[in-house]
Amino acid sequence: MRPVEICPNVYWVGVNDRATGLFEGLWPIDNCGISYNAYLIRDDKTALIDLSKEAFTDDFVDQISKLMDLSQLDYVIINHMEPDHSGSMTRLRALAPNARFLGMAKAVSMMKDFYNLTENVEVVKHDQTLSLGHLTLRFIFTPLVHWPETMMTYLEERQVLFSCDGFGAYGALNGSIFDDEQPDLKSVEAEALRYFSNIVAAYSKNVLQAIEKVSAHPVSMVAPSHGPVWRSYPDRIISRYQRWASYAGEPAEPGVAVLYGSMYRNTERAMESALQALRENQVPIEVFNVSEIDASYFLPSLWTKRGILVACPTYERAMFPAMLHALTMAEIKGVRHKKAAYLGSWAWSGGAKSVFEDFASRLEWETLGAVEFNGSAKPEDTEAIRSLATRLAEACR
Ligand code: FEO
């Protein structure tokens with residue numbers, strides 16, 4: 001894509017990544033890609049906000065070169081040092097030797113750690129402004145959205161918030177960059193939620209603090225570093241992030257996320273009884289086979305649903321490994337304060353139930369019960385499972 005002027009003298013100069021299968025080596029994006037958005041401001045002075053991943057440096061440099069001679073660049077604003085935004089830094093340093101690289105103190109130390117870049121760098125302060133001539137940038141420190149050195153940059157005269165990872169979404173930009181040009185904004189929001197739950201949910205408290213800081217300024221446009229530029233509905237993406245982040249500390253939406261894994265279908269058959277009882281009690285459910293689906297896709301459900309049902313057998317005196325991984329990802333991502341229940345089969349030794357209870361304790365899940373059964377579920381086991389699912393449903397409506 002060619003550069004796009006998002007408002008007078010301000011240009012999107014991002015690139016699409018349709019080659020990477022796993023973002024951060026973890027999260028599947030092979031079906032949607034991702035964009036690395038960067039922005040160029042041309043005023044009396046020129047400023048580039050954020051960069052790109054190293055593998056896309058040629059495309060990125062080509063984008064900027066369509067608008068200016070890089071050797072004349074005055075400032076590079078580093079909102080965040082994760083290499084999906086800083087990977088082209090070494091090349092930019094060489095092409096723009098006079099540019100000053102600005103960031104938080106931690107960002108400046110990371111410039112040395114990652115790229116041995118120490119010259120012509122400058123630490124900025126929270127709320128510090130930088131005049132480019134007619135336009136003014138203000139730096140708003142938003143640590144841990146997503147790393148400790150992360151800040152947002154606000155263009156005062158245009159009320160544009162360059163929010164980096166904040167308010168971002170998975171998904172390459174298919175020929176258009178603005179929210180009102182997307183053919184299906186609901187699918188954009190679904191990818192924003194997947195991105196949120198995968199990347200920044202663990203720092204929800206910081207997301208809420210960032211939104212509080214940003215609220216001191218009128219925002220007419222949200223220009224993140226991943227996904228569309230929100231020029232028509234900036235409040236919409238901010239309020240979505242605010243709501244999702246609030247679930248870290250308060251009950252989420254009615255419903256139960258059901259995670260299951262099964263070796264010979266004994267646990268799966270028992271789970272069917274639980275699903276039926278949940279639906280008979282009018283609670284929305286989403287069901288995921290943890291042996292088949294990546295954590296990236298069930299984390300949004302775990303995050304936004306009030307309850308969690310874990311259904312898996314014991315495996316070698318411990319928990320079924322695919323479920324162990326699923327719950328480990330839930331713990332890493334801070335899925336806390338849920339109503340939870342467990343069911344599962346064992347053959348000659350139990351073990352999964354106590355692993356579940358350890359997770360539940362650490363994650364401050366309120367456990368409504370656990371039913372484990374030897375081999376296949378007998379009628380009395382099925383009744384106990386239906387009763388447990390009914391209690392879970394009542395707690396999650
Ligand atoms: Fe898009 Fe935390 O990097």
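The values are calculated or read from the model by the stated rules, or taken from the named source; none is laboratory data. Worth saying up front: this structure is predicted, and the values here are computed from it rather than measured. Positions of Cβ are generated from backbone atoms using ideal geometry, with glycine treated the same way; all protein chains shown enter the neighbour counts. Accessible surface is based on the protein model in full, side chains and every heavy atom, while ligands, DNA and RNA are left aside. Shrake-Rupley method; radii C 1.70, N 1.55, O 1.52, S 1.80 Å.
Answer yes or no as to whether Leu343 is open to solvent by 30 Å² or more (accessible area, probe 1.4 Å) and under 31 Å from the mean Cα position of the chain (by Cα).
Here the answer is no, as Leu343 does not meet what is asked.
Just name the residue that is surrounded by the fewest Cβ atoms within 10 Å (Cβ to Cβ) out of those in segment 350-373 that are part of a strand (DSSP E or B) and out of contact with any Gly (no Cβ under 9 Å at 6 or more places or on another chain). Steps first, answer last, please.
The initial filter retains those residues of segment 350-373 that are part of a strand (DSSP E or B), namely 366-373.
Next, from what is left, pick out any that are out of contact with any Gly (no Cβ under 9 Å at 6 or more places or on another chain): 366-367, 369.
Values: Glu366: 12, Thr367: 16, Gly369: 15.
The extreme case among them is Glu366.
Of the residues that make up segment 179-189, is at least one in contact with a strand residue (DSSP E or B) (Cβ under 8 Å, 6 or more places away or on another chain) and buried (at least 20 other Cβ atoms within 10 Å of the Cβ)?
yes
Determine which member of the set Lys106, Lys112, Lys125 is in a loop (DSSP other than H, G, I, E, B) and not hydroxyl-bearing (Ser, Thr, Tyr).
Lys125
What residue, of Val219, Val258, Val283, Val287, is more than 16 Å from the ligand (Cβ to nearest atom), in the same structural domain as Leu368 (by TED's automatic domain parsing) and open to solvent by 10 Å² or more (accessible area, probe 1.4 Å)?
Val287
Answer with yes or no whether Thr314 is outside the structural domain of Val207 (by TED's automatic domain parsing), over 20 Å from the mean Cα position of the chain (by Cα), crowded, with 20+ Cβ neighbours inside 10 Å and polar (S, T, N, Q).
yes
Looking only at residues in segment 102-124 that are under 28 Å from Pro8 (Cβ atoms) and of a type outside the set (Gly, Ala, Ser), which one is surrounded by the fewest Cβ atoms within 10 Å (Cβ to Cβ)?
Of everything passing the filter in segment 102-124, Glu122 is surrounded by the fewest Cβ atoms within 10 Å (Cβ to Cβ).
Of all residues being assigned to a helix (DSSP H, G or I), in contact (Cβ under 8 Å) with a residue 60 or more places away in the chain and within 16 Å of the ligand (Cβ to nearest atom) in segment 63-89, which is nearest to Val124 (Cα to Cα)? Just the residue, please.
Here the residue is His85.
Does segment 149-169 include one or more residues that are at pLDDT 95 or above, surrounded by fewer than 19 Cβ atoms within 10 Å (Cβ to Cβ) and touching a Phe, Trp or Tyr at 6+ places or on another chain (Cβ under 9 Å)?
No, every residue in segment 149-169 fails to be at pLDDT 95 or above, surrounded by fewer than 19 Cβ atoms within 10 Å (Cβ to Cβ) and touching a Phe, Trp or Tyr at 6+ places or on another chain (Cβ under 9 Å).
Just a yes or no: is a residue in segment 137-158 part of a loop (DSSP other than H, G, I, E, B) and away from the ligand (no atom under 16 Å from the Cβ)?
The answer is no, given that none of the residues of segment 137-158 is part of a loop (DSSP other than H, G, I, E, B) and away from the ligand (no atom under 16 Å from the Cβ).
List pairs: first residue in segment 150-175 and without any contact (Cβ under 8 Å) to a residue 24 or more places away in the chain, second residue open to solvent by less than 10 Å² (accessible area, probe 1.4 Å) and of a type outside the set (A, V, I, L, M, F, W, C) anywhere in the structure, Cβ distance under 9 angstrom, at least six positions apart or on different chains.
Correct list of pairs: Asn174/Gly33.
Go through segment 222-255 and report how many residues are out of contact with any helix residue (DSSP H, G or I) (no Cβ under 7 Å at 6 or more places or on another chain), touching a residue at least 60 places away in the same chain (Cβ under 8 Å) and open to solvent by 70 Å² or more (accessible area, probe 1.4 Å).
Total satisfying the criteria: 2.
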